[in-house]
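The values are calculated or read from the model by the stated rules, or taken from the named source; none is laboratory data. As the structure is a computational prediction, the values presented were derived from the model and not from experiment. FYI the Cβ positions are ideal-geometry reconstructions off the backbone, even for glycines, and counts take in every protein chain you see. Heads up: the accessible areas ignore ligands, DNA and RNA and are worked out on the full protein's heavy atoms, side chains in. Shrake-Rupley method; radii C 1.70, N 1.55, O 1.52, S 1.80 Å.
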Amino acid sequence: MLTNETVVVIDFGAQYNQLIVRRIREANVFARLLPHSTSVEEIRKIKPKAIILSGGPNSVYSPGAPRVDQKIFNEGVPILGICYGMQLMAYQLGGQVRRAEKREYGPAFLEIIEDAPLFAGARKGLDVWMSHGDQVLSLPAGFKTIGKTENTSIAAIGNKERKFYGVQFHPEVAHTPEGQKIISNFLFEVAGCSGDWTEENIIEEKITAIKERVKKGIAICGLSGGVDSAVAARLVQKAIGDRLYCIFINHGLLREGEAREIEETFNREFQAKLIVVDARKRFLDKLRGVKDPEEKRQIIGHEFIAVFEEEAQKLPDADYLVQGTVYSDVIESGHGEASRIKSHHNVGGLPDRMNLNLVEPLRELFKDEVRRIGDMLGLPPSLVWRQPFPGPGLAVRIIGDITEERLETVRLADQIFRQEIKKAGLEREVWQAFAVLPADLRSVGVMGDERTYGSTIILRAVTSEDAMTATWARLPYEVLERISGRITNELDRVNRVVYDITPKPPGTIEWE
Ligand code: XMP
């Protein structure tokens, strides 16, 4: 069943805006984030059930402050303004906004002073999270104040007839404990959504849409070893079966077991048409003697395209290229409807050169949604829940020369590290955990009665929300001890293990 319900979130630039989209989806309603420059005509095409005006860093009265197309208020669509969105709605409809005497940041208690469907189920008030420097001073015609806080006399507003509401607080953040309820109230009590968007029917919906789009002809898909391309490929395979060819290039820079897993899953289990290219030697040859990280990245990206093109030429002429672009890729690229190709991953630049049409079934999904869909599609949990892994793979975790021997060292150390973290039940608590092999760093050790002079392995484990910032994971000493013991025992060449305790910033997560 295809969902007809879309809620449009207009983006005014607050850092929480993706969260608004997520909260709506958690209420089983499909939502999209659109730039504030989107015209009412474009919005009309989507036939939104409701519109949310997001927060943002500006003041509505400052020159050049972003606005929403004024006509949006005449569409008869329910609107909820959040923070800047509320101020903007008040301002554009004739109310006044001014700088608050005191900037309000942090928790506050919202007293509900007027019954409103937005607050259905909440008693007299709510604990809310505030973050604003401006406030609504006077209301536009037809509006009433429905909530206030100690510092903000107009903290929630509503126009029942037009179904327009505004809240100065942030219902989307966890610090507003009943925020999800407020968002649901808006969706269901105010806007009359039915909430039929579930992950099961996303799968059906996607498959139907792919069948429509790829009615005939051939599609190819590069599998990177990661979850996005695997889920995209599986969806397309379900839609068009044998007309999909998957290409997996084993560049030899993946972690232990990953190449095998892709092959087994897609070949044996899903019986997909999978071409596995053993390009390990070719990549190693190209990388020989290369030490500079950016040069490594470029060589790998370039070689990937070259191998992919060569392989694609051996297949029947393809018309479509399947890519695992996810929503954060789209948003990070600045909303452009034009696709940004994940440069690091696999097939950057290909669609242009090969003149292929893109199929991107995951384009509007968040990573965790992709993962749950992957689970439902029967992909193995180790693949579905895989940590983020850089496109250039182990190449950027080996400082200096990349040789077969050094690859093996880092791969085995990495395997031990991850195995022990898993055994300790900490797998989902760390964002990334991996081993790094530094260049030319040897130290003296003693093994039995003998002096050793061996390599060092650096362990790096971080916790993070989004990879923009990170802190080192406080792994229990016993776990670290076990890992260190196993690495020095099981890897002849390694006689020392160190743990990286640098946060990001100033460090980065990867070493290169
Ligand atoms: P840094 O090291 O910049 O990494 O803190 C942030 C996140 O990005 C990943 N990363 C990459 N991913 N190609 C990728 O696809 C790359 O070249 C690359 N470099 C870093 C890194 O693993 C972390 O999750």
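Condition check: small (Gly, Ala, Ser) and either closer than 19 Å to Leu34 by Cβ or modelled with pLDDT under 95 (or both). Does Gly64 satisfy that?
Details: small (Gly, Ala, Ser): yes; either closer than 19 Å to Leu34 by Cβ or modelled with pLDDT under 95 (or both): yes.
Answer is yes for this residue.
Which residue pairs have Cβ atoms closer than 6 Å, lie 6 or more positions apart in sequence or on different chains, and pair a first residue in region 388-400 that is part of a helix (DSSP H, G or I) with a second residue that is near the ligand (Cβ under 6 Å from one of its atoms) and at pLDDT 95 or above?
Pairs found: Val396/Glu510.
Determine which member of the set Glu204, Glu256 is open to solvent by 30 Å² or more (accessible area, probe 1.4 Å) and within 23 Å of Leu365 (Cβ to Cβ). Reasoning before the result, please.
Numbers: Glu256 fails: within 23 Å of Leu365 (Cβ to Cβ).
It is Glu204.
Go through the residues of region 215-237 one by one and say whether even a single one is in contact with an Asp or Glu (Cβ under 8 Å, 6 or more places away or on another chain), farther than 30 Å from Asn4 by Cα and in the same structural domain as Arg363 (by TED's automatic domain parsing).
yes
Looking at (1) of a type in the set (Gly, Ala, Ser); (2) under 30 Å from Leu19 (Cα atoms); (3) out of contact with any helix residue (DSSP H, G or I) (no Cβ under 7 Å at 6 or more places or on another chain), which one does Ala230 not meet, given that it meets all the others?
Among (1) of a type in the set (Gly, Ala, Ser); (2) under 30 Å from Leu19 (Cα atoms); (3) out of contact with any helix residue (DSSP H, G or I) (no Cβ under 7 Å at 6 or more places or on another chain), Ala230 violates only (3).
Have a look at Gly445, Gly507, Gly454 and point out the one that is assigned to a loop (DSSP other than H, G, I, E, B), out of contact with any Asp or Glu (no Cβ under 6 Å at 6 or more places or on another chain) and either open to solvent by less than 90 Å² (accessible area, probe 1.4 Å) or not β-branched (Val, Ile, Thr) (or both). Step through it out loud before you land on a result.
Numbers: Gly445 fails: assigned to a loop (DSSP other than H, G, I, E, B); Gly454 fails: assigned to a loop (DSSP other than H, G, I, E, B).
When all the criteria are applied, what remains is Gly507.
Sort through Asp466, Asp440 and tell me the only one that's open to solvent by 10 Å² or more (accessible area, probe 1.4 Å), away from the ligand (no atom under 16 Å from the Cβ), among the acidic types (Asp, Glu) and assigned to a loop (DSSP other than H, G, I, E, B).
Details: Asp466 fails: away from the ligand (no atom under 16 Å from the Cβ).
Matching residue, one of Asp466, Asp440: Asp440.
Go through region 469-495 and give me each residue that's within 16 Å of the ligand (Cβ to nearest atom) and assigned to a loop (DSSP other than H, G, I, E, B).
Selection gives Thr469, Ala473.
Taking region 390-436 as the search range and keeping residues that are more than 14 Å from Arg255 (Cα to Cα) and of a type in the set (A, V, I, L, M, F, W, C), which one is farthest from the ligand (Cβ to nearest atom)?
Ala424
Which condition breaks for Val498 when tested against (1) touching a strand residue (DSSP E or B) at 6+ places or on another chain (Cβ under 9 Å); (2) within 12 Å of the ligand (Cβ to nearest atom)?
The number of the failed condition is (2).
For residues that are modelled with pLDDT of 90 or more and either more than 19 Å from Arg243 (Cα to Cα) or not hydroxyl-bearing (Ser, Thr, Tyr) (or both), tally how many sit in region 198-218. I'd like the intermediate steps shown before the answer.
Taking region 198-218 as the starting set, the residues that turn out to be modelled with pLDDT of 90 or more are 203-204, 206-218.
Filter once more, so that each one left must be either more than 19 Å from Arg243 (Cα to Cα) or not hydroxyl-bearing (Ser, Thr, Tyr) (or both): 203-204, 206-207, 209-218.
Number satisfying all stated conditions: 14.
If Ala435 satisfies all but one of (1) open to solvent by 50 Å² or more (accessible area, probe 1.4 Å); (2) in a strand (DSSP E or B), what's the number of the condition it fails?
With (1) open to solvent by 50 Å² or more (accessible area, probe 1.4 Å); (2) in a strand (DSSP E or B) applied to Ala435, the lone miss is (1).
Results for (1) modelled with pLDDT of 95 or more; (2) surrounded by 16 or more Cβ atoms within 10 Å (Cβ to Cβ); (3) away from the ligand (no atom under 16 Å from the Cβ), shown as yes or no for each residue.
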residue: Ala272; (1), (2), (3): yes, yes, yes
residue: Asp285; (1), (2), (3): yes, no, yes
residue: Arg288; (1), (2), (3): yes, no, yes
residue: Glu294; (1), (2), (3): no, no, no
residue: Arg297; (1), (2), (3): no, yes, no
residue: Pro316; (1), (2), (3): no, no, yes
residue: Ser333; (1), (2), (3): no, no, no
residue: Arg340; (1), (2), (3): no, no, no
